Amino acid sequence: MRRPSARRGAGKREAEEAEAEAEAEPGAETKRQTTGGAGPRKAGSASSPDTRAGEEKQRLLACIPGSRTPDWPGSLGLRSRSRGRLCSASDEGWPFGRRLQQPDQTGHHDREFHVRPCGQTQAGQGLQEVYRPPQVFRHDRGCHPGREEPRWLLAPVHSEVYQESLQGILNFCANNYLGLSSHPEVIQAGLQALEEFGAGLSSVRFICGTQSIHKNLEAKIARFHQREDAILYPSCFDANAGLFEGLLTPEDAVLSDELNHASIIDGIRLCKAHKYRYRHLDMADLEAKLQEAQKHRLRLVATDGAFSMDGDIAPLQEICRLASRYGALVFVDECHATGFLGPTGRGTDELLGVMDQVTIINSTLGKALGGASGGYTTGPGPLVSLLRQRARPYLFSNSLPPAVVGCASKALDLLMESNTIVQSMAAKTQRFRSKMEAAGFTISGASHPICPVMLGDARLASRMADDMLKRGIFVIGFSYPVVPKGKARIRVQISAVHSEEDIDCCVEAFVEVGRLHGALP
Ligand code: PLP
């Protein structure tokens, strides 16, 4: 039920009523009219291109109808912690009936947010010793490649899992880049949140689905990305479904990389803005499309930060330069970058030195940040406020469960305390890439823990992946339609919890299997 179209069907009547009310919300319309920025961009201004671009960006940002400070009820109901004051439906601009006012944050929250220190890292302990997964797992197998169903595990997604025969196999196909899904402090924080805040909220955010931990996590996400505010969603798929429809009108335009993730594509489909698709990473094509899009009110360039099939990275410096020249905002999906790209793991924008130029970031809690689920948008405060009023997956889908919030929050704490884990993962990525290339394989992308071993032929990729499993390495072959025809590959993903020995084992297995199948001489 994550697909926007399905969601639309599910609560259609309520959704439309609420949307109509939200549209009628007086503050937003007035703001839009008073920004003076709703008309098309005027050509031929006398100011310099740089000044013009700066002014244009301000104007575009001002086009986001500002709204009030978001409302939230604090920790509500389930554990008798409600401190909010119920307000009437007539409270200023609130379209959804009664709400709770933000409670006084002093004291009360300190007590609620307190997370006991647990599983402290001991001095001198290496990463592996600190949270190497326990050695006994159950594992079950589904069907084989060419299968209708994926293999499935009865164990946590660690670097090491076991198959039925109890022969150890190493997992090289999870998005668990930092190994935080098995970090004892992350698990402990999840357990604590479960205990203190309950199993779930039985509600969407704006009714009674917001606890102090949700607000705390949103603030932490914004701080991590150095943005003004953040809004949580059940997933990043939902964040992408909510953003474009919430932000863009038929007067606007969105320019999207042709290889953007399916959720961006679906999100864009849901909005009524004009759509331009530029060739993958092709800046000349983006520029041409930006020129064409000058007639629209607001232009938004949308790209993945790191592309999951190839491990390649969007040229954000160039994208931001073009966006500035042509008065566009930049949106980046950082699912395969948050937590580990850039010197302190902030993402692609940090890696490429454009943190102050990317306006909107969407990302997931379901990969590097603990691997459970959840997504978010972080960016300008007024945008986040607008999304709280308009984004359908936020308004009409359940709140994130406390355990998930607790895990993600601890994952961010760990990353903000130290970049040891990030560096460990980067070093192992480098080790794998250089050893594989030295052995004669072609690895796509650069310096990203997604390391696609390019093989070309679909059957070869599938058979090699099967034989890798027989040698204790769990990897998956990708072929058309997931990747273009003739570009089949085995996608290897490196994690901080892999040891150097694990990496070497994987390379050795590739060399053996590659020779067996004629992929290597
Ligand atoms: N965006 C990108 C680039 C992704 O790779 C994914 C997940 O695969 C998503 C969005 C969706 O994230 P989530 O699993 O949180 O819905």
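Please list, ordered by residue number, the helices (runs of 4 or more DSSP H) wholly in region 385-496 having 2 or more residues that are under 19 Å from the mean Cα position of the chain (by Cα) and touching a residue at least 12 places away in the same chain (Cβ under 8 Å).
392-396, 402-417, 420-439
Taking the condition within 16 Å of the ligand (Cβ to nearest atom) and open to solvent by less than 30 Å² (accessible area, probe 1.4 Å), does A488 pass?
For A488, the condition - within 16 Å of the ligand (Cβ to nearest atom) and open to solvent by less than 30 Å² (accessible area, probe 1.4 Å) - is not met.
Can you list the strands (runs of 3 or more DSSP E) lying wholly within region 158-253 that have 1 or more residues being at pLDDT 95 or above?
Output list reads 229-233.
Does any residue of region 282-289 turn out to be open to solvent by 10 Å² or more (accessible area, probe 1.4 Å) and within 15 Å of the ligand (Cβ to nearest atom)?
No: region 282-289 contains no residue that is open to solvent by 10 Å² or more (accessible area, probe 1.4 Å) and within 15 Å of the ligand (Cβ to nearest atom).
Return a yes/no flag: does region 269-285 have any residue that is in a helix (DSSP H, G or I) and within 21 Å of K487 (Cβ to Cβ).
Yes, region 269-285 has at least one match.
Checking G267 against (1) open to solvent by less than 10 Å² (accessible area, probe 1.4 Å); (2) free of Cβ contacts under 8 Å to residues at least 60 places away in the same chain, only one condition comes out false. Which one?
The single condition G267 does not satisfy is (2).
Consider G440 against the criteria (1) within 16 Å of the ligand (Cβ to nearest atom); (2) at positive phi; (3) of a type outside the set (V, I, T): it satisfies all of them except one. Which criterion is unmet?
Going through the list (1) within 16 Å of the ligand (Cβ to nearest atom); (2) at positive phi; (3) of a type outside the set (V, I, T), G440 breaks only (1).
Of everything in region 474-494, what is touching a Leu at 6+ places or on another chain (Cβ under 7 Å) and at pLDDT 95 or above? Give them in sequence order.
A488, R489, I490 - these are the residues of region 474-494 that are touching a Leu at 6+ places or on another chain (Cβ under 7 Å) and at pLDDT 95 or above.
So, of the residues in region 202-211 that are among the hydroxyl-bearing types (S, T, Y) and over 22 Å from the mean Cα position of the chain (by Cα), which turns out to be most open to solvent (accessible area, probe 1.4 Å)?
S202
Those residues that are in contact (Cβ under 8 Å) with a residue 60 or more places away in the chain and either more than 27 Å from A284 (Cα to Cα) or within 10 Å of the ligand (Cβ to nearest atom) (or both), I need them from region 328-337; list them, please.
D333, C335, H336
Any residue in region 254-276 that is more than 20 Å from the chain's Cα centre (by Cα), modelled with pLDDT of 95 or more and on the phi > 0 side of the Ramachandran plot?
no
If we keep just the residues of region 343-357 that are in a loop (DSSP other than H, G, I, E, B) and open to solvent by less than 10 Å² (accessible area, probe 1.4 Å), which is nearest to the ligand (Cβ to nearest atom)?
Top of the filtered list is G347.
When you look at C407, is it within 16 Å of P234 (Cβ to Cβ), open to solvent by 10 Å² or more (accessible area, probe 1.4 Å) and in contact with a Lys or Arg (Cβ under 8 Å, 6 or more places away or on another chain), yes or no?
Against the criterion (within 16 Å of P234 (Cβ to Cβ), open to solvent by 10 Å² or more (accessible area, probe 1.4 Å) and in contact with a Lys or Arg (Cβ under 8 Å, 6 or more places away or on another chain)), C407 does not qualify.
Determine if region 414-432 includes at least one residue that is among the basic types (K, R) and surrounded by fewer than 22 Cβ atoms within 10 Å (Cβ to Cβ).
The answer is yes; a qualifying residue exists.
Which condition number in (1) at negative phi; (2) open to solvent by less than 10 Å² (accessible area, probe 1.4 Å); (3) in contact (Cβ under 8 Å) with a residue 60 or more places away in the chain is the one that A199 fails?
With respect to (1) at negative phi; (2) open to solvent by less than 10 Å² (accessible area, probe 1.4 Å); (3) in contact (Cβ under 8 Å) with a residue 60 or more places away in the chain, A199 is out only on (2).
I want to confirm something. Restricting to region 253-264 and keeping residues that are within 12 Å of the ligand (Cβ to nearest atom) and open to solvent by 20 Å² or more (accessible area, probe 1.4 Å), which single residue is nearest to R392 (Cα to Cα)?
So, considering only residues that are within 12 Å of the ligand (Cβ to nearest atom) and open to solvent by 20 Å² or more (accessible area, probe 1.4 Å), the one nearest to R392 (Cα to Cα) is A262.
State the number of residues belonging to region 219-243 that are among the aromatic types (F, W, Y) and open to solvent by 10 Å² or more (accessible area, probe 1.4 Å).
Result for region 219-243: 1.
Across region 358-398, which residue is farthest from the ligand (Cβ to nearest atom) among those that are crowded, with 24+ Cβ neighbours inside 10 Å and over 30 Å from C173 (Cβ atoms)?
Applying the filter and picking the extreme gives Q389.
Take V354 and tell me if it is free of Cβ contacts under 8 Å to residues at least 60 places away in the same chain and touching a Cys at 6+ places or on another chain (Cβ under 6 Å).
So V354 passes the test.
Does any residue of region 292-309 turn out to be open to solvent by 40 Å² or more (accessible area, probe 1.4 Å), more than 12 Å from the ligand (Cβ to nearest atom) and in a loop (DSSP other than H, G, I, E, B)?
No.
Since R325 meets every condition but one in (1) under 27 Å from C451 (Cβ atoms); (2) open to solvent by 10 Å² or more (accessible area, probe 1.4 Å); (3) away from the ligand (no atom under 15 Å from the Cβ), which condition does it not meet?
R325 satisfies every listed condition except (1).
The values are calculated or read from the model by the stated rules, or taken from the named source; none is laboratory data. Keep in mind the model is a prediction, meaning the values are calculated, not measured. Positions of Cβ are generated from backbone atoms using ideal geometry, with glycine treated the same way; all protein chains shown enter the neighbour counts. Ligands, DNA and RNA are stripped out before the accessible areas are found, and what is left, the full protein with its side chains, is counted by its heavy atoms. Shrake-Rupley method; radii C 1.70, N 1.55, O 1.52, S 1.80 Å.
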